[in-house]
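Derivation of every value follows stated rules applied to the coordinates shown; laboratory data play no part. This structure is a prediction, so every number in the text was calculated from the model and none was measured. Glycine gets a Cβ as well: all are built from the backbone with ideal geometry, and neighbour counts include every protein chain shown.
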Amino acid sequence: MLSFKTGQPDKKIDETVQASAYLFGGDGVPIRADFRWDNDLLICDKRVAGPAGLAILWNVPGAGKFLLETTRLLERNAPYILPVELARGHLMRVQHKREEWGLFDIDGIDHLNNDIRTAVGTLVRAMQANSPGDAAKIGTEALAQGVRVGENFAKFHADVLLDRRKQTAGFSPHIVGCQINLKSNPQTCGPLVADAFDYASIPMNWKDIEPTEGKFNWKPIDAWIEWLSKKQVPLKGSQVLCFQQDCFPDWLKIWEHDFETVRTLAADHVRRVVKRYAKIINVWDVTGGLHAPVDFGFSFEQLMELTRIATNITRQVVSRCVVTIEIITPWGEYYARNQRSIPPMLYADMAIQSGINVDGVGLQIRFGPDVEGLFVRDLFQISAMIERFGNLGKPLHITAVQVPSASDNGSATGGQWHDAWSESCQSEWVDRFYRLALSKPFVETVTWQDLTDATATTVPHGGLLKTDLTPKPAYQKIIDLRQEIRTNAPRE
C-alpha cells in the first residue's frame with residue numbers, strides 16, 4: 001500500500017488539492033491509480049506494480065502553492081509523511097540539477113550552496129522527528145526552504161546563460177510574439193500587438209474556419225492577416241490540426257469511430273488552410289496537442305499518422321517553411337486518466353525518431369485555473385521541464401505562455417506563485433520566466449497566449465491588457481525585455 005499522512009489532522013483537504021493528485025512512474029510518466037482520503041490520510045491504490053511518486057498541489061508557506069512531486073517510493077504498510085517526502089523529492093532534484101549545471105564554484109554561488117545545505121539539514125531533522133506531527137511541521141519548513149533555493153538556483157543559472165547568449169548575439173530576429181484572438185478587433189488591438197511583439201501567431205482552428213461542414217468562414221483570419229501584413233508584422237500559423245475542445249467542429253463527431261474518414265477530412269483541412277496562406281505565412285505550428293485528444297479515441301498509431309500527414313502536407317504546399325508540433329501539457333497529467341493518449345515526451349520523441357520531418361517542438365506553459373494541466377509549478381520545475389524537451393535535439397518554441405493577474409474571489413484556485421496573483425505578481429513572473437526560457441540556447445521564441453482579459457477564457461485575467469485595453473505592468477515588462485534582447489540580436 002502507498003499512503004501519505006498530511007500532518008494536518010484538523011484541516012480539511014480542499015477539493016482542488018484532491019483533484020490535482022496523480023501518481024507517476026519511471027521518467028515521470030503518470031500512471032493510473034485510485035485515491036481515497038481518510039481525514040489526513042491519503043491512500044493511493046496503484047494499478048501497476050513497482051515504485052511510484054505522488055504529485056499533488058500543496059501550499060508552501062512563504063513560497064506559494066505548487067503542484068509538487070515526491071520521489072518514487074516503495075509500497076509499505078506505514079504511511080509516508082507527505083511534507084517530508086515532498087521536501088525530499090524537491091531537494092533531490094535541485095541537487096541533481098546543481099551538478100548538471102555545474103553550479104559549485106562560480107562567483108556569487110556560495111550563498112545558494114549554503115541555503116541548500118541548510119534545507120538538507122532541516123530535512124534530516126524532519127526525518128529524525130519523534131512524531132508524525134513534528135515530522136510534518138519540520139518537513140514543511142524544509143520544503144519551503146527547498147522551493148525557494150530551487151527557484152534561486154534556476155534564476156542564477158538563467159542569468160549566467162542569458163548574459164552569455166547576449167554577448168554572442170545568439171537570438172533569432174523574431175523572439176517575442178503574441179497569439180491573436182480572432183474575436184478581437186485588429187483596428188483596436190493590432191497597434192498594441194505591433195508595438196510590443198516581434199511576430200503574431202494566428203490560430204487556424206478547424207471549428208472557426210468550418211463551423212458547418214462545407215461552409216467556410218475566413219473573414220476573421222483574413223482581417224487580422226491583412227492588418228498585420230500592412231504593418232509588416234511577421235506571421236505564424238498555429239493549431240491547424242487540433243482535437244482539443246473548441247478546436248474541431250461539432251459536425252466532425254459524427255465520424256468519431258471512422259478514422260479513415262477523419263483522416264481524409266483532416267488532410268483536406270490542413271491542405272486548404274496552408275494553401276490559402278502559403279504566400280504570406282511560412283512558419284507553422286501545424287499540430288496542437290495531438291498527443292492528448294479529449295473527445296476522440298485515437299490509437300497511438302493513428303495519432304502519429306495524423307501528425308505525419310499534417311507535417312507532410314504543409315511541406316508539400318510550402319516548399320520552404322518551418323514546421324513545428326505543439327505539446328500542450330508538458331507534464332502529461334492527463335495520461336494518468338486517459339490511457340488512449342500519449343505521454344508528451346514520448347509523443348515528441350517518437351515523432352522525431354520515426355522520421356516525421358519537423359523543425360522544432362512547441363511547448364505550452366500556462367498556469368492558474370484549477371484545471372488538469374494548469375496547476376501552478378515553480379520556476380525550478382519549469383526550467384527542468386524545458387531542458388527535458390530541449391534534449392530532443394530540436395529547437396524549442398514556447399508557443400503559449402500565460403499566468404493570471406488576479407484571483408477570483410481572492411483565492412488562487414489552481415495555485416499561486418509567491419503571493420496571490422496580482423498585476424505586480426504577474427509582471428514579476430513574466431520577467432523571471434522570459435529570462436529563464438530565453439537563457440536556454442535551444443529556445444528560439446516565446447509567445448504570449450492572450451493579449452487582453454476580454455479574450456482570456458482558459459486563464460481568466462490572463463491578458464497583458466485589461467478589458468478596456470489599459471496595459472498591465474507585464475505588457476511593459478515584455479516591451480522592456482524585448483528591447484534589451486534586440487540590442488544583441490542579429491539584424492534581419
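Shown here for region 63-171: chymotrypsin sites (Phe, Trp or Tyr not before Pro) in loop regions (DSSP other than H, G, I, E, B) with at most 12 other Cβ atoms within 10 Å, namely PHE104.
Between the residues VAL176, LEU54, ASN113, the greatest Cα displacement towards the positive end of the dipole of the chain, with unit charges on the Cβ of Lys, Arg, Asp and Glu, is found for VAL176.
Using 0.36 nm per residue, how much length does the chain from SER424 to HIS257 gain when fully extended, once their Cα-Cα distance is taken away?
Roughly 55.3 nm would be gained on extension.
Lacking any other cysteine beta-carbon closer than 4.7 Å, the following Cys residues of the chain have no compatible partner: CYS44, CYS178, CYS189, CYS321, CYS425.
Classify region 79-126 as rounded, prolate or oblate, taking a ≥ b ≥ c as the square roots of the eigenvalues of its Cα gyration tensor: rounded when a/c is under 1.5, otherwise prolate if a/b is larger than b/c and oblate if not. Note, shape of region 79-126 comes out oblate. Within straight cross-link reach of LYS477, meaning Cα distance under 21 Å, which lysines are found once same-chain residues fewer than 8 apart are removed? Within reach: LYS155, LYS166, LYS440, LYS466. Projection of the Cα convex hull of region 338-492, averaged over all directions and equal to a quarter of that hull's surface, yields 10.8 nm².
Within a Cβ distance under 10 Å of GLN316, other residues only, what is the Lys/Arg minus Asp/Glu net charge? Within the 10 Å Cβ shell, the charges total +3. Note: relative contact order over region 2-165, using C-alpha pairs below 8 Å and six or more positions apart, is 22 percent.
Compute the signed sum of charges (Lys and Arg +1, Asp and Glu -1) over the other residues within less than 13 Å, Cβ to Cβ, of GLY414.
On the way: positive: LYS65, ARG366, ARG377; negative: ASP14, GLU15, GLU333, ASP370, GLU372, ASP408.
Summing Lys/Arg as +1 and Asp/Glu as -1 gives -3.
Dipole magnitude for region 227-349: about 880 debye, using +1 per Lys or Arg Cβ and -1 per Asp or Glu Cβ, origin at the Cα centre.
Could you state the angle between the C-alpha long axis of helix 186-196 and the longest principal axis of the C-alpha atoms of the chain, as a value from 0 to 90 degrees rounded to the nearest 10? Taking Cα atoms only, the helix is inclined about 60 degrees.
Cross-link partners of LYS46 among lysines, defined as those whose alpha carbon lies under 30 angstrom from its own and excluding same-chain residues fewer than eight positions apart: LYS5, LYS11, LYS12, LYS65, LYS97, LYS137. Beta bridges from DSSP with both residues in region 339-492: antiparallel share about 15 percent, rounded to the nearest 5. Restricting the chymotrypsin sites (Phe, Trp or Tyr not before Pro) of region 393-485 to loop positions (DSSP other than H, G, I, E, B) with no more than 14 neighbouring Cβ atoms within 10 Å leaves nothing.
With a cut-off of 14 Å between beta carbons, the residues surrounding ILE31 carry a summed charge of -1, where Lys and Arg count +1 and Asp and Glu -1. Considering only alpha-carbon pairs that sit under 8 angstrom and 6 or more positions apart, the relative contact order computed for region 169-486 is 17 percent.
Excluding same-chain neighbours fewer than eight residues apart, the lysines reachable from LYS219 by a Cα-Cα span under 21 Å are LYS183, LYS207, LYS230, LYS231, LYS236, LYS275, LYS279. Does anyone have the angle between helix 344-353 and the longest principal axis of the chain? Alpha-carbon axes, 0 to 90°, nearest 10? Compared with the principal axis, the helix lies near 50 degrees. Remark: the chain carries a charge dipole of roughly 900 debye about the Cα centre, counting +1 on each Lys and Arg Cβ and -1 on each Asp and Glu Cβ. Note on region 159-211: the C-alpha convex hull projects to 5.4 nm² when averaged across all orientations. State the Cα centre-to-centre distance between region 267-300 and region 152-230 in whole Å. Cα centroid to Cα centroid, the span is 17 Å.
So for region 169-486: antiparallel DSSP bridges make up what percent, rounded to the nearest 5? Can you show the working numbers first?
Details: 3 of 36 bridges.
Taking every DSSP beta bridge within region 169-486, about 10 percent pair in antiparallel fashion.
When the alpha-carbon atoms of region 207-290 are used, the pair Rg, Dmax equals 13.6, 45 angstrom.
Calculate how large, on average over all directions, the projected area of the Cα convex hull of the chain is; give the answer in nm² to one decimal. Result: a mean projected hull area of 23.2 nm².
Here the dipole of region 2-165 is about 260 debye; that uses its Cα centre as origin and unit charges on the Cβ of Lys and Arg (positive) and Asp and Glu (negative).
When the trypsin sites (Lys or Arg not before Pro) in region 38-95 are filtered for DSSP coil states and for at most 13 other beta-carbon atoms within 10 Å of their beta-carbon, the remaining sites are ARG47, ARG76. The mean sequence distance of close C-alpha pairs (under 8 Å, at least 6 residues apart), as a share of the length of region 112-180, puts its relative contact order at 28 percent.
Helical content alone sets the calculated 222 nm signal of the chain at -13000 deg cm²/dmol, taking -39,500 (n - 2.57) per DSSP H segment of four or more residues and averaging over every residue.
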